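Derivation of every value follows stated rules applied to the coordinates shown; laboratory data play no part. Note that this is a predicted model, so its numbers are computed, not measured. FYI the Cβ positions are ideal-geometry reconstructions off the backbone, even for glycines, and counts take in every protein chain you see.
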Amino acid sequence: MPVIRFVREGRDVECYPGENLREVALREGIQLYGLKGTLGNCGGCGQCITCFVEIPEGTAAQALTPRTAVEDQKLRRRPDGWRLACQALVQQSLVVITRPQVGLADKTAQIEQALATPLPPGPTSWPVVSTPEEDADAQPEQGPAGAAEATADEEG
Ligand code: FES
């Protein structure tokens with residue numbers, strides 16, 4: 001699975017390819033929002049512009065899906081490396097800084113350290129899940145009937 005390295009929180013979090021970055025962060029208890037977003041956010045619709053994250057230089061361009069039209073519009077006056085977490089889907093492992101508008105002590109050094117430690121690339125597709133019917137088809141036919149036949153053969 002791809003790994004999201006949250007620099008501010010000092011945590012590596014696994015997710016499935018294609019998962020929404022905001023949803024993964026919230027599921028894992030990562031504080032994604034500043035005060036304004038905590039008090040009220042759009043729930044991931046790309047309207048409140050409070051779920052900023054920074055993707056540092058050196059991160060593979062394809063780690064997240066490309067900027068959406070909403071991001072192009074809403075992030076016009078923000079640094080190029082900023083994204084709206086609710087608009088980004090994780091495709092490969094990457095480094096993320098939450099709440100980039102809030103100061104982070106030794107930010108440059110923390111980013112360098114986060115980028116220097118390799119991340120697993122992670123698969124690019126979801127695991128194949130078999131249905132109960134497929135599982136049943138894959139099972140060799142043995143059971144009480146087969147056991148009875150074996151017993152009968154031994155006696156005969
Ligand atoms: S949650 Fe509102 S813009 Fe992302």
ask   = Separation between the Asp137 and Tyr16 pseudo-spin-labels, each 7 Å from Cα along Cα→Cβ, expressed in nm?
value = 2.1 nm
message = Need one word for the range 3-116: rounded, prolate or oblate. Basis is the Cα gyration tensor (sqrt eigenvalues a ≥ b ≥ c); a/c below 1.5 gives rounded, then a/b vs b/c decides.
response = rounded
query = Hey, can you rank 89-97, 12-20, 73-81 by average C-beta count inside 10 Å, highest first?
reply = 89-97, 12-20, 73-81
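Please compute the length gained on full extension between Glu9 and Cys42, using 0.36 nm multiplied by the number of residues separating them and subtracting their Cα-Cα distance. Show your work: numbers first, answer last.
Numbers: separation 33, 0.36 × 33 = 11.88 nm, distance 2.34 nm.
Here the segment from Glu9 to Cys42 would lengthen by 9.5 nm.
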query = How many nm separate the modelled label positions at Ser130 and Ala116, each set 7 Å beyond the Cα in the direction of the Cβ?
reply = 4.6 nm
remark   = Note: Arg27 to Asp72 extended length (0.36 nm per residue) minus current alpha-carbon separation gives 13.6 nm
inquiry  = Out of the GluC sites (Glu not before Pro) in the range 29-130, which ones are loop residues according to DSSP with at most 11 other C-beta atoms within 10 Å?
reply    = Glu57
request  = Work out the charge dipole of the range 3-116 with +1 on the Cβ of Lys and Arg and -1 on the Cβ of Asp and Glu about the Cα centre, then indicate which of Thr108, Leu35, Ile4 is farthest towards its positive end.
outcome  = Leu35
